[in-house]
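Since the structure comes first, as structure tokens, the remarks are kept for the end.
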Amino acid sequence: MPFLKALTIAGSDSSAGAGIQADLKTFAALGIYGTSAVTAVTAQNARRIDALTCLPVNLVVSQILSVLSDIGAQAVKTGMLGSPEIIQGVASALSRYPRIPLVVDPVMAATSGAALLQEGSLEVLRRRLLPLARIVTPNLPEAAALVGKPLQDESDCIRATREIHAMGPRWVVLKGGHRPVIESGPAGAREVVDLVYDGRELHRVSGPYLQGGPKQGTGCTFSAAIAAFLAKGRSELEAVRAAREYLSRAWRHSGEPGQTAGPLHHFYEFWPKSDDG
């Protein structure tokens with residue numbers, strides 16, 4: 001049986017908690033053969049980025065075309081693209097493959113807070129890449145940047161999903177991790193809610209609120225998992241729900257209770273942490 005394949009186009013994280021390393025681990029954990037096109041190389045850990053260099057646009061484009069012209073892919077995702085020129089080049093390359101579903105994670109900053117997108121990139125992202133996207137997965141700050149105004153409450157967020165949808169993607173997933181935690185259920189269990197809009201209907205996808213502060217690579221892992229489930233033939237809404245569940249499990253199996261940084265445990269189903277025995 002041939003492999004199902006997915007391509008990640010993103011930056012390299014030397015600590016392997018985020019970027020292409022997190023994407024490739026997610027693909028592998030979910031049974032997908034992962035390929036990559038590196039857009040930038042970073043020296044970073046869970047707390048800071050010490051150095052960052054974007055690669056030449058022609059090298060980024062060559063990686064994409066080398067993979068898709070031979071190995072192929074059932075899904076593609078983008079992460080950190082870094083510069084307007086790279087976004088333009090990536091969009092031009094992917095426009096040759098309109099049938100491959102594209103998940104755009106509009107990465108603008110690292111978990112540590114370091115900026116990852118150069119000035120002038122937002123307009124190119126809106127104009128050139130979002131119209132190619134099957135799904136775009138902004139968090140709250142990214143959605144606010146895309147629509148150019150702060151998002152204060154849920155009604156603002158709902159309007160933002162519609163405004164971002166008008167930029168061209170078929171589905172918008174406004175992630176709930178930066179938004180207020182919702183109390184639900186008879187026991188008052190806390191959860192976060194993703195707003196998922198397809199141009200007709202607004203869906204709410206909920207997941208458990210995960211204690212311990214931000215973990216490195218959560219956005220990368222979530223968008224990579226969506227791409228993996230699309231590659232498996234899931235519908236968009238099914239892929240988002242399954243990706244949320246995978247991320248929740250990878251989070252619960254990672255780090256120490258209360259740890260505010262560090263990587264997810266992508267392979268929790270295959271090998272335990274050392275302290276799991």
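Within segment 1-24, the set of residues being in a strand (DSSP E or B) and surrounded by 24 or more Cβ atoms within 10 Å (Cβ to Cβ) comprises Ala6, Leu7, Thr8, Ile9, Ala10, Gly11, Asp13.
Evaluating Phe27 against the criteria (1) under 18 Å from Gly219 (Cβ atoms); (2) not in a helix (DSSP H, G or I) leaves one unmet condition, (2).
Filter segment 79-107 down to residues that are touching a strand residue (DSSP E or B) at 6+ places or on another chain (Cβ under 9 Å), among the small types (Gly, Ala, Ser) and not in a loop (DSSP other than H, G, I, E, B), then give me how many there are.
1
Here Asp50 fits the description: charged (D, E, K, R) and either in a strand (DSSP E or B) or under 30 Å from Arg249 (Cβ atoms) (or both). Consider Gly217 carefully, then state whether it is buried (at least 20 other Cβ atoms within 10 Å of the Cβ), at pLDDT 85 or above and at positive phi. Considered against the rule, which asks whether it is buried (at least 20 other Cβ atoms within 10 Å of the Cβ), at pLDDT 85 or above and at positive phi, Gly217 comes out as yes. Once segment 25-48 is narrowed to residues that are surrounded by fewer than 19 Cβ atoms within 10 Å (Cβ to Cβ) and closer than 17 Å to Leu81 by Cα, the residue that is modelled with the lowest pLDDT is Ala43. Screening Leu102, Leu151 for residues that are of a type in the set (A, V, I, L, M, F, W, C), closer than 17 Å to Leu230 by Cβ and without any contact (Cβ under 8 Å) to a residue 60 or more places away in the chain leaves exactly one candidate, Leu102. If you go through segment 99-149 and keep only what is within 20 Å of Ala75 (Cβ to Cβ) and acidic (Asp, Glu), you end up with just Asp105.
Residue pairs whose Cβ atoms lie under 8 Å apart, sitting 6 or more positions apart in sequence or on different chains, and linking a residue in segment 264-276 that is within 21 Å of Thr218 (Cβ to Cβ) and at pLDDT 85 or above to a partner that is surrounded by 13 or more Cβ atoms within 10 Å (Cβ to Cβ) and among the β-branched types (Val, Ile, Thr), are Leu264/Thr218; Leu264/Thr221; His266/Thr26; His266/Thr221. Here Ala93, Ala143, Ala114 are screened, and the one residue that is surrounded by fewer than 23 Cβ atoms within 10 Å (Cβ to Cβ), under 30 Å from Arg47 (Cβ atoms) and not acidic (Asp, Glu) is Ala114. Residues in segment 20-41 that are closer than 16 Å to Val104 by Cα and small (Gly, Ala, Ser): Ala22, Ser36, Ala37. Scanning segment 1-19 for residues that are among the hydrophobic types (A, V, I, L, M, F, W, C), under 17 Å from Met108 (Cα atoms) and at pLDDT below 95 yields a total of 1.
Within segment 234-245, identify whether any single residue is β-branched (Val, Ile, Thr) and at pLDDT below 95, and answer yes or no.
Checking segment 234-245: not a single residue is β-branched (Val, Ile, Thr) and at pLDDT below 95.
Screening Val41, Val76, Val67 for residues that are touching a helix residue (DSSP H, G or I) at 6+ places or on another chain (Cβ under 8 Å), in contact (Cβ under 8 Å) with a residue 12 or more places away in the chain and either not in a helix (DSSP H, G or I) or not charged (D, E, K, R) (or both) leaves exactly one candidate, Val76.
The residues on offer are Ser121, Ser62, and the sole one that is farther than 19 Å from Gln21 by Cβ and free of Cβ contacts under 8 Å to residues at least 40 places away in the same chain is Ser62.
The values are calculated or read from the model by the stated rules, or taken from the named source; none is laboratory data. None of the values given here were measured: they were computed from a predicted structure. Please note: Cβ atoms are built from the backbone with ideal geometry, for glycine as well, and neighbour counts cover all protein chains shown.
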